[in-house]
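Below is one structure; the comments refer to it alone.
The values are calculated or read from the model by the stated rules, or taken from the named source; none is laboratory data. If you're wondering where the values come from, they're calculated on a predicted model, not measured in any experiment. A quick note on method: Cβ atoms are made from the backbone with ideal geometry, for glycine too, and the neighbour counts reach across all protein chains shown.
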Amino acid sequence: MSRRCEGLVCGMTRVVAVLMGVLGVATFTTAADTEPPAAFAVSATLEEFLGEPVFVPMQQLWERRGGWGGVLSAPDGTLVAFRSPGGGEIRRSRDGGVSWDAAMPIDASGDASEANGGNALVDETTGELLYVCPQEQWLYRSDDSGETWSRETIEVRPDRLGHVPGIEGAGAMQSGLTLAFGKHRGRLVSPARIMGPQNSNDVVWRPYHYSTALISDDHGKTWQTTNPFPVLGTGEAAIAELSDGRLLYNSREHMSRGNRFFATSYDGGSLWIEARRSDELPDGPRGTSYGLMGGMLRLPIAGRDILLYSSSDTEAGAMPAQTGASIAGGREKITVWASFDGGQSWPVKRLVYDGPSAYSNLGVGRSGTPSEGRIFVIFEGGPAGSHAAVQVASFNLAWLLDGEDLPQ
């Protein structure tokens, strides 16, 4: 990945850096903690994802847009797909994604508006599933793999600029994670978004948007909004933890034409530094300044940093008439990329669906369950249009490699 920074984006990077300096945010890094990882970090082996190639073509989960909350694997292997926003619903699979139960509301009252716009994650320490909505200061918690949920009030503390994630502040993100390595293992981390001083998605405020994260050290009761991602005009993001304890942040940007932005945290997600643009990963259709939500995760394999990324792979992008404005044309060809060196290079990619497709997210199965060795991509798309329905497809790493040797 390069560290190039051009024009308006470079200026935005400098603005955030100056603000962080004024506010007294440290800019040094620390060495990764060398203590052993938590047990769940090494729960999978490379062999589980190899063997005979497996690909399960897309199945439609919902006939309308959504799926931004992603798909999680509970500790017992139950898969839980989230449709939010616009619905507050889930669908569950107990057979590794072969079949899916009927849609059910997260909120027992059936009122979709009561459980909408959040982000999901598994607390690997307790085994609970969480669905967190920072702008409304609540979360839903499930201790039975998503069958039932209880709502509770939480505290969300602002960042050093006084902001907390606002409208869509946690929606449209890769699912959160539990840190497995270093002195912060057990911490909950979720990507999030600051929607500018007015919490508005109006075009005039988009240059003030920035990606951020939420961290919790008390199993979701209290969340701290972290220091800003060091590029303005960003939002809709993904975070992965590498085996040396570093966190890799991967973010959409909607102010300039180019690939995805990355940053790194060396302190468990509090501070994000080293902003750079990927040489290889597109931010949705190439040729547009209006990016696209994509997914990223690390396969939980001991001793390996194999990362996956999902997005559109097409040259059909076009520039909007106004900087920062929306233009959703050319969203198609949902594709998954693989990195075998912790995100430094992405030598492998494979098309999942050769048709209209847009927002996407990734999930991974559990050892010893029907979902073992499976990778799941949940995305908007299908024959009726790029935002017409929510689909899910699954595969293993052997399929993604398409007959090529595993890079060492």
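Report whether or not G127 is modelled with pLDDT of 90 or more, surrounded by 24 or more Cβ atoms within 10 Å (Cβ to Cβ) and within 23 Å of P191 (Cβ to Cβ). Give the derivation first.
Working: modelled with pLDDT of 90 or more: yes; surrounded by 24 or more Cβ atoms within 10 Å (Cβ to Cβ): no; within 23 Å of P191 (Cβ to Cβ): yes.
No.
Is one or more of the residues making up the range 260-269 closer than 19 Å to G169 by Cβ and touching a helix residue (DSSP H, G or I) at 6+ places or on another chain (Cβ under 6 Å)?
No, because not a single residue in the range 260-269 is closer than 19 Å to G169 by Cβ and touching a helix residue (DSSP H, G or I) at 6+ places or on another chain (Cβ under 6 Å).
What's the total number of residues in the range 272-298 that are surrounded by fewer than 21 Cβ atoms within 10 Å (Cβ to Cβ) and under 18 Å from H209 (Cα atoms)?
2
Only residues that are outside any strand (DSSP E or B), out of contact with any helix residue (DSSP H, G or I) (no Cβ under 7 Å at 6 or more places or on another chain) and touching a residue at least 12 places away in the same chain (Cβ under 8 Å): list them for the range 210-234, please.
Of all residues in the range 210-234, those outside any strand (DSSP E or B) come to 217-221, 226-231, 233.
Right, trim to out of contact with any helix residue (DSSP H, G or I) (no Cβ under 7 Å at 6 or more places or on another chain) and you get 217-221, 226, 229.
Hits for the range 210-234 are D217, H219, G220, K221, T226, F229.
Can you tell me which residue among Y249, Y210 is closer than 25 Å to G127 by Cα, modelled with pLDDT of 95 or more and in contact with a strand residue (DSSP E or B) (Cβ under 9 Å, 6 or more places away or on another chain)?
Numbers: Y210 fails: closer than 25 Å to G127 by Cα.
Only one candidate passes the filter, namely Y249.
Take the conditions more than 16 Å from S73 (Cα to Cα), touching a Phe, Trp or Tyr at 6+ places or on another chain (Cβ under 9 Å) and of a type in the set (A, V, I, L, M, F, W, C) and apply them to A115. Does it pass? Show your work before the answer.
Values: more than 16 Å from S73 (Cα to Cα): yes; touching a Phe, Trp or Tyr at 6+ places or on another chain (Cβ under 9 Å): yes; of a type in the set (A, V, I, L, M, F, W, C): yes.
Yes: the conditions hold for A115.
Would you check if R298 is within 18 Å of F262 (Cα to Cα), basic (K, R) and without any contact (Cβ under 8 Å) to a residue 60 or more places away in the chain?
Numbers: within 18 Å of F262 (Cα to Cα): yes; basic (K, R): yes; without any contact (Cβ under 8 Å) to a residue 60 or more places away in the chain: yes.
Yes: the conditions hold for R298.
How about the range 277-325: which of its residues are among the hydroxyl-bearing types (S, T, Y), under 20 Å from P207 (Cα atoms) and modelled with pLDDT of 95 or more?
Here is the first cut: in the range 277-325, the ones among the hydroxyl-bearing types (S, T, Y) are 278, 288-290, 309-312, 314, 323.
Checking which are under 20 Å from P207 (Cα atoms) leaves us with 288-290, 323.
Passing the criteria: T288, S289, Y290.
Out of the residues in the range 112-124 that are of a type in the set (A, V, I, L, M, F, W, C) and modelled with pLDDT under 95, which is surrounded by the most Cβ atoms within 10 Å (Cβ to Cβ)? Even if it seems obvious, please write down each step before you answer.
Taking the range 112-124 and keeping what is of a type in the set (A, V, I, L, M, F, W, C), we get 112, 115, 120-122.
Next, only the ones that are modelled with pLDDT under 95 stay: 112, 115.
Numbers: A112: 17, A115: 27.
Per the stated criteria, the residue is A115.
Quick one: what pairs do we get from the range 161-186, first residue over 16 Å from W68 (Cα atoms) and among the charged types (D, E, K, R), second in a loop (DSSP other than H, G, I, E, B) and modelled with pLDDT of 90 or more, C-beta under 6 Å, 6+ apart or different chains?
Pairs found: R185/L179.
Can you tell me which residue within the range 240-266, out of those that are acidic (D, E) and crowded, with 21+ Cβ neighbours inside 10 Å, is nearest to K183 (Cα to Cα)? Walk me through it before giving the result.
The first filter runs over the range 240-266 and keeps only residues acidic (D, E), leaving 241, 244, 253.
Checking which are crowded, with 21+ Cβ neighbours inside 10 Å leaves us with 241, 253.
Working: E241: 13, E253: 31 Å.
The qualifying residue nearest to K183 (Cα to Cα) is E241.
Give me the strands (runs of 3 or more DSSP E) completely within the range 137-209, filtered to those with at least 3 residues that are under 15 Å from the mean Cα position of the chain (by Cα), ordered by residue number.
Details: elements: 138-142, 150-153, 155-157, 188-194.
Qualifying strands (runs of 3 or more DSSP E): 188-194.
With at pLDDT below 95, in contact with a strand residue (DSSP E or B) (Cβ under 6 Å, 6 or more places away or on another chain) and over 25 Å from S270 (Cβ atoms) as the only criterion, which of R92, R65 stands out?
Only one candidate passes the filter, namely R65.
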